[in-house]
Amino acid sequence: MAKNEYRFHGDFNTVLRRIHDGILGGSVTASFEESSEYAAGGVRCVVRVYERYSVTGSNRLSLTLTLIGQGEELFLSAIAAGGSQGMFLKFNTFGEEAFVDKVRELAQEL
């Protein structure tokens, strides 16, 4: 499992759109699977799940993206899972790390 989290300022809708488009544009096998949205007391939360094929792991892996915002104060969490091999021990997590690295690149552009 690979994880990265970011705190920054920006427009919630713009950040969500740019991250979404960047993930789907970053791999021909990337797909948007499902989402959940909630807002209360001036706080918004969006959870999105993406999948893509990992050539190094010869399997599909998922990325869960959570964006929370209150005004222009934003928190972004990206967690990838399912790209490792092995029955009892995790190894070959390159696909998971690459999926999260894509989000890191996109977050740095914001």
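The values are calculated or read from the model by the stated rules, or taken from the named source; none is laboratory data. Everything numeric in this text was worked out from a predicted model, so none of it was measured. FYI the Cβ positions are ideal-geometry reconstructions off the backbone, even for glycines, and counts take in every protein chain you see. For the accessible areas, the whole protein counts, side chains as well, though only heavy atoms, and no ligand, DNA or RNA atoms are used. Shrake-Rupley method; radii C 1.70, N 1.55, O 1.52, S 1.80 Å.
Tabulated results
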{"item": "Pairs with Cβ under 7 Å, 6+ apart, first in the range 1-18 and under 17 Å from E105 (Cβ atoms), second of a type in the set (D, E, K, R)", "result": "A2/E96; A2/E97; N4/R104; G10/E72"}
{"item": "Output for the range 53-62, where each listed residue is without any contact (Cβ under 8 Å) to a residue 40 or more places away in the chain, open to solvent by less than 60 Å² (accessible area, probe 1.4 Å) and among the small types (G, A, S)", "result": "G57, S62"}
{"item": "Condition check for L76: under 18 Å from E105 (Cβ atoms) and free of Cβ contacts under 8 Å to residues at least 40 places away in the same chain", "result": "no"}
{"item": "Qualifying residues in the range 63-110 (those that are aromatic (F, W, Y), surrounded by fewer than 15 Cβ atoms within 10 Å (Cβ to Cβ) and out of contact with any Leu (no Cβ under 8 Å at 6 or more places or on another chain)) - the one modelled with the lowest pLDDT", "result": "F91"}
